[in-house]
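Below: the structure, in structure tokens.
The values are calculated or read from the model by the stated rules, or taken from the named source; none is laboratory data. Since the structure is predicted, the reported quantities are computational estimates derived from the model, not experimental observations. With ideal geometry, Cβ positions are generated from the backbone for all residues, glycine too; neighbour counts draw on all protein chains shown. Side chains are part of the model used for accessible areas, which takes the heavy atoms of the whole protein and leaves out ligands, DNA and RNA. Shrake-Rupley method; radii C 1.70, N 1.55, O 1.52, S 1.80 Å.
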Amino acid sequence: MDFSTDVQASVLAVLPEILMTILAVALLALDVVWPDARKRDLGYVAGVGLLAVIGVMLVLAPPPGEVSDQLLLGGMIRHDQLAQIFRAMVILGGALSCLVTMGVPRLQHRGDFYAVLIVAVVGASLMSAAADLIMAFIALEMTSITLYLLVGYLRGDVRSSEAGLKYFLFGAFTSALTLYGLSLLYGFTGETNIYRLGGVLGRSDLPDGAVAVSLALVAVGFAFKISAVPFHFWTPDVYEGAPTPITTLLSTASKAGSVALLMRFFLAVFPPAGLLGALEGVKDYSALWVQLVAVLSVVSMTLGNVLALVQTNIKRLLAYSTIAHAGYILIGVAAISTDKSAEGAAAVTFYMFMYVLTNALAFGVVILFANATGSEQIADFAGLSRRSPWLALAMTLALLSLAGIPPAAGFVGKFLLFRAAVDANMVWLALVGIINVIIGLYYYLIVVKVMYMERGPEDGRPVRVDTPYVWALGIAAAGVLLFGTIMVSPLVDWATEAARALYILL
Amino acid sequence: MVPLWMYLLVAAGLFSIGMYGVLARRNAIAILMSIELMLNAANINLVAFWRYNQPAQVGGQVFAAFVFVVAAAEVAVGLALIINIYRQRRSVVADDVDLLKW
Amino acid sequence: MDINWFDADYLPWLILFFPLLSFLIIVLFTSRSRTLSHIVALSGIVIAWVLSLIEFVKVVWASDVELGREVFGSTIDWLTLGTATFRMGVLVDPLTAYMLLMVPLTCLLIFIYSLGYMRDDPHNTRFFAFISLFAGAMLTLVLADNLLMLFVGWEVMGLCSYLLIGFWFHKKSAMQAGVKAFMTTRVADVLMLVGIGYLFIEAGTLNFRDILYNEEMLHHLSDPELSPAVLFGGSVAAVVGILLVIGTIGKSSQFPLHVWLPDAMEGPTPVSAMIHAATMVSAGVYMLVRMFPLLSAGADFHHGDFSAPMVMMGLVGGFTALFAAVLAVGQNDIKRILAYSTVSQLGYMVAALGIGAWVAAAFHLINHAFFKALLFMASGVVIHAMEHGEHHAHEHGHPHEEVPEPDGLVMDYVAPPNDVRRMGGLLDRIPVTAITMAIGGLSLAGFPLITAGFWSKDEIIAEAWHGTGEGFPLALFVLVMLVLAALLTAFYTARMWFLTFWGAPRSAAARYAGLGSLRNWWANTRWGKARRLETEPVRREDEVAARQMEFPLIVLAFFAVFAGFIGVHTDFPLLGALDNPLHEFLSGTLLEHPPVFDLDGLPVLLSIVIALGGLGLGWWVYGRRPLAEGAVDPTERALGAGVWRALQNRFYIDLLYRRYLVQPAEWFATHIVIQAIDKETIDGVLETIAETFIWLGEAFKRFNTVVIDGVGDGIPRAIGDFAAWFRQVQTGRIQQYLLFVTLGLLAIGTLFLLQVR
Amino acid sequence: MELTVESLVFLLFSLITLGGALMVVTTRNLFHAALFLMLSLFGVAGLFALLTAPFLAGIQVVVYIGAIAILIIFAIMLTPQVTAVRPTNSQWIAGVVVAVVLFALLVSIVTPLMSELGVEGWSAVFTEKNPPPVPADSMARLGEAFVDPQGYMLPFEVASVLLMAALVGAVMLVRPARGAEDEAPQAGAQE
């Protein structure tokens, strides 16, 4: 297999990252140049800049199907539709995080914060395209290291600092485990390219045990990033302590990039035997990770949902909800090995897309509310529907989407995931998922109930919504609503095409 | 030369020692040092595998070099976070940092 | 795109659009202004109603050209997945048209009624927002051309019912009732969704026309050879059918998922009317009626070969009809009597579908909606009047009867204004309500020949009779259950009406009851003076509110009587001249036209006898010598015999109850002895029947409380306890987390190694 | 393993590495731990040199020992602990057990130990003793690979961005408070 050396294609493949890096540097420069009074507009530069990057990316996107299997820049990057769609959601998540940052008084005027945030987005974006162990590792660390910083960015805030330290120790530890696993994989095959690894691994005469252990080590890192049980412990603490825009970023961009890498890595490095052209004597390790993913999925969904039932802090509740959603997503990941029609991967992609929008929406409202009232307690949301009907409606939409109730996009997402599981002969997994959806309903609706049914002490005093918020929440809400109703088909088509790219192994 | 597995054995030992340190040391900086040990173990693996499997290529060395970079960045960030915590609490004992729970 | 929105194909979109729009407008813009919100809500539903009428007329007009083969509707592609496409669309076939006649009209009347009823409620605007959404969701469900969209409406309604039942959220019991309703129906919904998913996988579409009006598809789905399924006679249709029936069991509160409905009475009365008549519970039966070709696919039920879902419907429906009727007899809360009555009547329809009486089921669905909406709203007026009376009684120096509100759901608790034992004699106080409620009641009881309820009920019984004649055991079961239930229905209807309106007031509240309208006029007549009615000044807004509440009753009373004549059997003397237009019209919905059986005199006679018998029994027990309450009031004391009787009555229940618990054997003997010594024989026998039913009702109520509620509430609590316990693991100590991570890694590694060995 | 000079050197560096590492995780004095870390890292550098990777050995010394370890020592001096605390926490026994089990797991797959114990098809077969020599221009090729677009240019550039962001962030995090934008120390900052 040779890697393409097409210069133009190579530049195009990393153009979003290049543009974002320039944007980050520009922000640092502006931070120095601009007067203090104007610095809040840095958020616009960052947010709108990122949105523009998506625009450029989509305009210059390769026509569907044309370059779907191109490995570029020495095989570091695979420029395919999967990378495109995940990049789009990663950058979207970043843009929304930037916009909502403009409502946090202690961060809104800090160009360095926006710059570091954008670097995190660059990392996540590279994760969705990485096709080489080295690239994947660097991208993973790029996201992680910048996020450690961002989580602890509020210096005087004990909770932020604590969350930063915890996230750092947890992340550094798991990345060491992952790195060890990667070093073993490299050692066993002498290859670092993900798409070559699979073939070599399948035809080698390595002892199975060695491969299995390295797979387990690598899986820990991925499980940490998407906060699957039992590698989730950081999630509630960090979500609660981090500045809320960063919580948004953690649950959107960082997670999306990891999911893309996870699917690409598992499917290419440990492909089901059928995908390699059914050669004689090819070893099939896919059963290992499929089982692992299925089990992680079940425990994540169940524990996430059950523990969310007893939370009183909204950010913590959403953290446990994130863990549960990691479980739902893993349902789809478990389905990708057996299913050549790419339904599982398409379902995961769609789900992730809607999840990015939904979480950005939910956290956006939480930030606004926290700023207005200084509280993140669920009980304090009482009477929000009377104070700010639009805000309450946005939050309700987000919660409905998370709970999987139409017309929000979450319904379609869950439907696709469960269908993929059924098609992959994992009916039991789908059933566990459905039971979990029922449990989940309860705590999401409690928040809705509190907002609409209970009266707060400050009834009638509206929560102020700034312009950047109107944009951020508007984009997210429109996405959640449209992708759940009339825009479902285009997005599903895109996701399906992206998913097909996953199955083209070189 | 020494057989390859001996290097791997040293790496495994270093990795396990580092892991023990992460799990058992109280001081956050000590935990950070232990993590460095784990990263070095991975590096020994990479370089040893490179030397024995494909010395004509550069993959393993490059990988190891990038691990250096990442480790440097990680240490810088980690120490910044730890110093930050220290300023607030006058303590860097990891177990004491448990405001956020449940 | 060039769309004529007033074309019959596109008009349905508008019908469902406007109430939803009202909801949005109220929530987002007008929630601070009461008047504006009222205008928005009312205009939404009025537009929907007018458009429905236009649509209906268009459909009927077009039905000359074989409506059924040609239907109205339009679809948009919503979601394309590989080869499969989900479409969202609307469909108007005869069944939908028939529903369109009922749903918007009933909703509109409920809206008008709510103007008066919710007048003083502080959350008035929110209420109108919710019921607009509710109406919109129901219209979505009715107009949907596929199961998925139907399900969307279904779920939104579930959400609305949760919000509305718990509307008075400061009452803990109301909140709990809301949650209970939502969670109970959710259980069934999920199974139903599984069924829908399975159907989609097998059929590749969820469109009604593609599945239900497609012989090939039905054959494919019902043939175990072509599409084998795991259970239930081996056909996909059977499995899907059973899952759909389960959905209805939850939504239409059939046994054993009926538990949420009586508690749902915690909501405001217009909501009860909404849930019980026009929307929610009807939706369940509507879905079954709609899916009937699938449910009966592969079965030749005219010759005794019933499919599994049909058997299930027959058994569940039949049992529920009787079970709930028994429960209704034992209630003292006027709304709960009606609630159980609804459950029972829905059982009728489900059972009717079970034996293949498709047209009859649809017929009864509509008729029931009319008279049940009427009854609920009338009961709301009664409650209002009682509250009003309570207030005035207090002003006139009568001691306020303090019944402490329960903390949460208590089965036994009856709110004072709802308690039929405290009513009586309201006939003079709220005569319009009394008369319309009597009409509704008669229709519910199936009073022969002139009420709508009679015709539809008769048709169901006739079909059951026919089936029994052919020797089908299922039909016999359904027949027996329904006949007994019909008898009880007539009985408890009479009991409720007589206790409420007849005789003398049995409490101060009842004595002062009234709406503040008409009453003055009434009280000044000679008759009123003779009965010592109190007069009081009437405020103008009270007057308006009273009219707003009474107007819908009158309209509905009209329908409760006349909606039945469209479905009279052609051979029926005199009335048959109308030529049964309903059967002809509705048949177009089905691929295979349902047969019309020859008119058989016996079942008609049977219907007449049971209706009159039940009503007569009720009259004998409650009407002949009206119940009175303890000798508080001189007027009541004047009716000495009645007071004595009432005392005896109450004492008697307590005694029976206690004795039963203590000494079951002695109970029967004492019972007989007392009957023999104290009472005339016939009275005694009748009393015994009545008392037995009441006692049975109580017993079922206990069963409900202990077993079904216990399990339903127990599971969520167990989950909560587990969560609280497990939470302790999240200690906040980072190194402990890392230890767990390492243990997880080791576990995974070890399991992997074991597996590759 | 016959005792050649090479194997003796290997044993020496291995002992330095592992011994230093053991001291890092056990010694009570944090400052000493940092010094032992330097020692251990030096051992690793020796192993790299032994593996004919002089470039990496060089970086190991310059970057790790010269920069990272020094940084750690600075941090230790910046965060003096008021009291001499126990070096280990309450779960250290679990830590030992877990580390030993993990070690056993890794040993069982990367060494021929299990095969020698007679377990078929279990252990890896990394018994290679005589790999081909490293090409003379290895270091030059390594350098070229970093700047070759068809080599590792992309990760190289990305790594530079990463370092930039990490440094910017780290500096912002620890720089002294300035002006109104900065937050007063909060309740958690007890002495």
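Just a few scattered comments:
- Over all other residues within a Cβ to Cβ distance under 13 Å of B:Ala71, the charged ones net out to -3, with Lys and Arg as +1 and Asp and Glu as -1.
- FRET efficiency for D:Leu11 and A:Val25, using Cβ-Cβ distance with R0 set to 45 Å, rounded to 0.05: 0.35
- Non-local Lys pairs in chain A, i.e. 8 or more apart or on different chains, that have alpha carbons under 27 Å apart: 15
- Calculated FRET value between B:Asp98 and A:Val56, using beta carbons and R₀ = 45 Å, to 0.05: 0.50
- Total accessible area lost when A and B pair, probe 1.4 Å, Å² to nearest 100: 3700
- What the Cα atoms of the range B:4-96 give is an Rg and a Dmax of 15.9, 52 Å.
- Between A:Gln8 and A:Arg203, residue separation times 0.36 nm minus the direct Cα-Cα distance comes to 66.7 nm.
- Over the range D:1-87, accessible surface divided per residue gives 47 Å², non-protein components excluded, 1.4 Å probe.
- Shape call, the range D:89-133: gyration tensor on alpha carbons, a/c limit 1.5: oblate
- Dipole magnitude of the range A:1-113 about its Cα centre (Cβ charges: Lys, Arg +1; Asp, Glu -1), debye to nearest 20: 600
- Accessible area (Å², per residue) of the range B:4-96, counting only protein heavy atoms and a probe of 1.4 Å: 13
- When nucleic acids and ligands are ignored and a 1.4 Å probe is applied, C:Lys58 ends up with an accessible area of around 70 Å².
- In a reduced charge model with +1 at each Lys and Arg Cβ and -1 at each Asp and Glu Cβ, the range A:224-347 shows a dipole moment near 220 debye about its Cα centre.
- When each of the peptides A:52-60, C:448-456, C:235-243 is scored by the mean number of other C-beta atoms lying within 10 Å of its residues, the order from highest to lowest reads C:235-243, C:448-456, A:52-60.
- The C-alpha radius of gyration of the range A:7-503, expressed as a fraction of 2.2 N^0.38 Å, stands at 0.92.
- Label positions at D:Met77 and C:Glu216, each projected 7 Å from the Cα along the C-beta direction, are separated by 8.7 nm.
- Accessible surface buried upon C-B contact (total; probe 1.4 Å; Å², nearest 100): 1000
- For the segment D:32-43, counting C-beta atoms of other chains within 10 Å of every residue's C-beta and taking the mean gives 3.
- Ligands, DNA and RNA left out, the accessible area of the range A:360-458 computed with a 1.4 Å probe is 64% carbon and sulfur.
- Carbon/sulfur fraction of accessible area - chain B, other protein chains in place, 1.4 Å, %: 55
- Listed peptides A:29-39, C:745-755, C:502-512, A:121-131 by packing density, highest first (mean Cβ within 10 Å): A:121-131, C:502-512, C:745-755, A:29-39
- Between helix A:389-403 and chain A: long-axis angle, C-alpha atoms, 0 to 90°, nearest 10: 30
- Charges were assigned to the Cβ only: +1 to each Lys and Arg, -1 to each Asp and Glu. The resulting dipole of the range B:4-96 about its Cα centre is roughly 180 debye.
- Treating each Cα of the range A:356-506 as an identical point scatterer and summing with the Debye formula, the log10 of I(q)/I(0) at q = 0.09, 0.12, 0.16, 0.18 Å⁻¹ comes to -0.35, -0.58, -0.91, -1.06.
- The apolar share of the surface of the range D:89-133, taken as the fraction of accessible area on carbon and sulfur atoms (1.4 Å probe, ligands and nucleic acids excluded), comes to 70 percent.
- Computed from the Cβ-Cβ distance with R0 of 51 Å, the FRET efficiency linking C:Phe551 to A:Ile438 stands at 0.75.
- Å² per residue, accessible surface of chain A at 1.4 Å: 24
- Calculated log₁₀ intensity ratio I(q)/I(0) where the Debye formula runs over C-alpha points of the range D:135-176, q = 0.20, 0.34 Å⁻¹: -0.66, -1.00
- Principal-axis tilt of helix D:153-174 within chain D, Cα atoms, nearest 10 degrees: 30
- Distance in nm between pseudo-label sites at C:Leu24 and C:Phe572 (7 Å out along the Cβ direction from Cα): 4.5
- For the range D:1-87, Kirkwood radius (reciprocal of mean inverse C-alpha pair distance, Å): 13.9
- Packing-based order for A:347-358, A:422-433, C:90-101, using average beta carbon neighbours within 10 Å, highest first: A:347-358, C:90-101, A:422-433
- Sorted largest first, the spans of the alpha carbon positions of the range A:80-178 along the three principal axes are 41, 31, 16 Å.
- Counting, for every residue in D:14-24, the Cβ atoms of other protein chains within 10 Å of its Cβ and taking the mean gives 6.
- Buried accessible surface for the D/B pair, both sides summed and rounded to the nearest 100, is 7400 Å² with a 1.4 Å probe.
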